[in-house]
Amino acid sequence: VPDIHEYYALRLQQIVDESEHISNLKESEALFKNLLARSLDGLFIVQDGILVYANSALAKLLGYEFSTDLLGTKYDQFIATDDLKMVHDYYERRMRGEPVPTEYEVRLNHKDNRFVHVQFNVSVLQYNGKPSSLGTVRDMTRIKATDRALRYNTAVLSSMADDNPLGMYVVDYQADRI
């Protein structure tokens, strides 16, 4: 016959261990929620074609005040028409387990009817027991604008150099040479 004191001591230790485990889970959950909320990149989960999670960075990127404004909407309403076929194809194939690019650039529809150039990084996860798309969204609008300006300025300078009948020279002050 096991000692009743030993039984209660073991049971008490199990309860303490479970309590510590629950406490650790709650801390991890709080940390994870904080990371998601503070992310500078947009984050989303799409299940059955519907946004079931969006963070505040994604809402802000699309011109909405609250991430809850996005929940329950079809993901494709935010995709620019010219990119919709590709994004939809990737989504359907990803959900079937077929290989598709995980990183790609698209344009999203902002609430004020302008485009936002973004980079998606998307993968599959199980969410509430169903396959879903988990994605990050990085705003590429400024990078795209800077790239266009750089290409334009390079073309202008090249044209000036090519069309200048007097010739040109470049001075490199750091290397002290012409």
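Worth a mention:
- Conditions (1) open to solvent by 70 Å² or more (accessible area, probe 1.4 Å); (2) not in a helix (DSSP H, G or I); number of the one not met by Glu27: (2)
- Candidates Val100, Val106, Val116, filtered to the one that is over 14 Å from Ile45 (Cβ atoms), open to solvent by less than 50 Å² (accessible area, probe 1.4 Å) and in contact with a His (Cβ under 6 Å, 6 or more places away or on another chain): Val116
- Just one of (1) of a type outside the set (Asp, Glu); (2) modelled with pLDDT of 95 or more; (3) under 16 Å from Gly135 (Cα atoms) fails for Ala80. It is (3).
- Taken over the stretch 77-87, the criterion of being open to solvent by less than 80 Å² (accessible area, probe 1.4 Å) and not aromatic (Phe, Trp, Tyr) is satisfied by Ile79, Ala80, Asp83, Leu84, Met86, Val87.
- Contact annotation: residue pairs with Cβ atoms under 9 Å, 6 or more positions apart or on different chains, pairing a residue in the stretch 84-105 that is on the phi > 0 side of the Ramachandran plot with a partner that is part of a strand (DSSP E or B), are Gly97/Val124; Gly97/Pro131.
- The requirement of being polar (S, T, N, Q), within 20 Å of Lys33 (Cα to Cα) and in a loop (DSSP other than H, G, I, E, B) is fulfilled somewhere in the stretch 115-129, by at least one residue.
- Residue in the stretch 130-178 that is farthest from Glu105 (Cα to Cα), counting only those that are among the hydrophobic types (A, V, I, L, M, F, W, C) and assigned to a loop (DSSP other than H, G, I, E, B): Leu166
- Matching option when the condition is hydrophobic (A, V, I, L, M, F, W, C), in contact (Cβ under 8 Å) with a residue 12 or more places away in the chain, closer than 17 Å to Arg138 by Cβ and assigned to a strand (DSSP E or B), among Leu58, Leu51, Leu43: Leu43
- Test: residue in the stretch 44-65 that is loosely packed, with under 14 Cβ neighbours inside 10 Å and hydroxyl-bearing (Ser, Thr, Tyr): no
- Candidate set: the stretch 119-140, residues that are small (Gly, Ala, Ser) and without any contact (Cβ under 8 Å) to a residue 40 or more places away in the chain; chosen: the one surrounded by the fewest Cβ atoms within 10 Å (Cβ to Cβ): Gly129
- Of all residues in the stretch 61-83 being free of Cβ contacts under 8 Å to residues at least 12 places away in the same chain and either touching a His at 6+ places or on another chain (Cβ under 6 Å) or among the charged types (D, E, K, R) (or both), the one that is nearest to Asp139 (Cα to Cα): Glu65
The values are calculated or read from the model by the stated rules, or taken from the named source; none is laboratory data. Predicted model, so just to flag it, every value in this text is computed and none were measured. Note: ideal-geometry Cβ built from the backbone for every residue, glycine included; neighbour counts use all protein chains shown. Note: accessible area is taken over every heavy atom of the protein model, side chains too, but ligands, DNA and RNA are not part of it. Shrake-Rupley method; radii C 1.70, N 1.55, O 1.52, S 1.80 Å.
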